[in-house]
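I have placed the structure first, in the form of structure tokens, so that the comments after it can refer back to it.
The values are calculated or read from the model by the stated rules, or taken from the named source; none is laboratory data. Remember, predicted model here, so these are calculated numbers, not experimental data. All Cβ positions, even for glycine, are placed from backbone atoms using ideal geometry, and neighbour counts span all protein chains on display. Keep in mind that these areas ignore ligands, DNA and RNA; they rest on the heavy atoms of the full protein, side chains included. Shrake-Rupley method; radii C 1.70, N 1.55, O 1.52, S 1.80 Å.
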There are 4 protein chains.
Amino acid sequence: MRVIGSTIWAIAEGYIPETSTGTAPEFTSHETACILNTSDDEARIEVLIYFSDREPAGPYHVTVAARRTLHLRFNDLADPEPVPRGTDYASVFVSNVAVVVQHTRLDSRQAENALMTTLAYAASS
Amino acid sequence: MRVIGSTIWAIAEGYIPETSTGTAPEFTSHETACILNTSDDEARIEVLIYFSDREPAGPYHVTVAARRTLHLRFNDLADPEPVPRGTDYASVFVSNVAVVVQHTRLDSRQAENALMTTLAYAASS
Amino acid sequence: MRVIGSTIWAIAEGYIPETSTGTAPEFTSHETACILNTSDDEARIEVLIYFSDREPAGPYHVTVAARRTLHLRFNDLADPEPVPRGTDYASVFVSNVAVVVQHTRLDSRQAENALMTTLAYAASS
Amino acid sequence: MRVIGSTIWAIAEGYIPETSTGTAPEFTSHETACILNTSDDEARIEVLIYFSDREPAGPYHVTVAARRTLHLRFNDLADPEPVPRGTDYASVFVSNVAVVVQHTRLDSRQAENALMTTLAYAASS
């Protein structure tokens, strides 16, 4: 299998709702970066989180094993600091090997969930 | 009509909810890869399903007739194995002719459906 | 303003729900191709509708005036034939000038609406 | 960090629902252009709003500081004129530095929200 994707991705939208309805973790309001690594090497990825009113946080270090997908919840990022809830942010991913990144949000602030997804922006690398 | 699309596509997001509300198959929770083949040749497509913790499954063999669209439900993939429910996955499509691929999920775990869609990632071919 | 977009676009997903809840036309289940023409010329667009089990329908003829957007409801296409409800389809747009196309569905089969949108696929032209 | 994105973006879909349910501003029906500026320079952006039946409005002037994201609500655009509610529109962004733009709508006309998002269209620049 040829390697698919780009080494640099950006997601301009980011917002983890502060509240949730339903059983955790399935129905917890969350934002996910779905990362696919089709290569035969582990993907070592640095994530930067951008805000509206302060310098970027990170880098966060994420790895995706060869021929694996990781659906990374921004809710789970902890080091160097958690991603604040109810706050506008954006994110950039820089990987050592080409990967594919897709962005999804599940918003369960209300009884019935809302979903949205989009391919992230692939910078030519 | 010129042929439109790419021969390699990837969808980094994948998750078939385990439960559904409403009449089947219309309101069954499902994930779909909508494939459009504008060419005058049958598209013969191999699909690989990637997971977070095991080697990829497949290839699955899918055909789309000339000048036809196929809205392929991942729920219906059976050979060599079904796609597990409630499990993170990703997918790659390799076709002999250029096609266009779009990803859609209908989540009917709750009384009111949620929908999301995105263009898949087209690898240059 | 420079002209933005592509002259060939494809949307692999297409499905107009058969039923609706709420007042028409605002809450009628519908699919829309949002077309933006930033050029100083009228865009003359031919639309083909692809199906899973028959030859494509069309061409449908659509025009978008210079420096205008048209949010075209597939529900409103009538000549040479309406787009059937509850049926999988896909679509291709060929324009004389570059335009931008985005796909949106409002599904009001249930009391609470679901929405989805994606950029269409731009073929290099 | 290298600069990521494009200097010209278009969003063909645009519609601010006229009504809302829930507490403002969190649950106010809105459309957002999420803009990410990874560069070390302030992004100065001109926005044009296109309509179906009149000449474009604008330019609106928006700035995004270096290494910041701005989640711009179209609802908040006021000068030279507000964006009308319940009206089809489209938008174009022209920036002095490369940025990334993603489009999101929260529709709260009904008790349970609907969400949609997509990457905007990046014109090669």
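Just a few scattered comments:
- Shape annotation for the protein assembly as shown: C-alpha extents along the principal axes are 53, 53, 42 Å, from largest to smallest.
- Buried solvent-accessible surface, both chains (D, A), 1.4 Å probe, Å² to nearest 100: 2700 Å²
- Close amide H pairs (under 5 Å, H built 1.01 Å from N) link residue B:68 with B:37, residues at least 5 positions away or on another chain.
- Residue among C:58, C:69, C:86 farthest towards the positive dipole end of the stretch C:15-102, charges placed on Cβ: C:69
- Computed from backbone phi with θ = phi - 60° and the Karplus coefficients 6.51, -1.76 and 1.60, the 3J(HN,Hα) list for the stretch D:88-97 is 5, 8, 9, 8, 10, 10, 10, 10, 7, 10 Hz; x is used for glycine and proline.
- Extents of the stretch A:52-125, taken as max minus min of Cα coordinates on every principal axis and listed largest first, are 40, 29, 22 Å.
- Length-normalised contact order of chain D in % [C-alpha pairs under 8 Å, at least 6 apart]: 41 percent
- Part-to-part distance (alpha-carbon centres) for the stretch B:1-44 and the stretch C:14-71, which is given in Å: 21 Å
- Among D:86, D:14, D:58, residue whose mean-square fluctuation peaks in a GNM of chain D (springs only between Cα atoms under 10 Å): D:86
- Other-chain or far-sequence residues with amide H under 5 Å of residue D:83's (modelled H): D:77
- Estimated vicinal HN-Hα couplings, Hz - the stretch A:2-15 in sequence order (Karplus 6.51, -1.76, 1.60; Gly, Pro = x): 5, 7, 10, x, 9, 9, 10, 9, 9, 10, 7, 8, x, 5
- Per-copy distances of the residue B:41 label point, shortest first, in nm (7 angstrom along Cα→Cβ): 3.3, 3.3, 4.7
- Shielding score for D:99-112, defined as the mean number of other chain Cβ atoms within 10 Å: 6
- Kirkwood hydrodynamic radius of chain A, from inverse mean 1/r over distinct Cα pairs, in Å: 14.9 Å
- Net charge in the neighbourhood of residue D:28 (other residues with Cβ under 13 Å of its Cβ; Lys, Arg +1, Asp, Glu -1) is -1.
- Label-to-label distances for residue A:27 across copies, nearest first, come out at 1.6, 1.6, 2.3 nm, using points 7 Å from Cα in the beta-carbon direction.
- The stretch C:38-45 - phi-based ³J(HN,Hα) in whole Hz, Karplus 6.51/-1.76/1.60, Gly and Pro as x: 8, 7, 8, 10, 4, 8, 9, 10
- Amide H contacts under 5 Å for residue D:97: D:44, restricted to partners 5 or more places along the chain or on a different chain, H placed in the peptide plane at 1.01 Å from N.
- Computed about its Cα centre, the charge dipole of the protein assembly as shown is approximately 600 debye, with only Lys, Arg, Asp and Glu carrying charge at their Cβ.
- Residue range of chain A that is longest and free of trypsin sites (Lys or Arg not before Pro) which are both DSSP loop and sparsely packed (at most 14 other C-beta within 10 Å): A:3-53
- Hydrodynamic radius of the stretch A:1-48 per Kirkwood, over alpha carbon pairs, in Å: 13.8 Å
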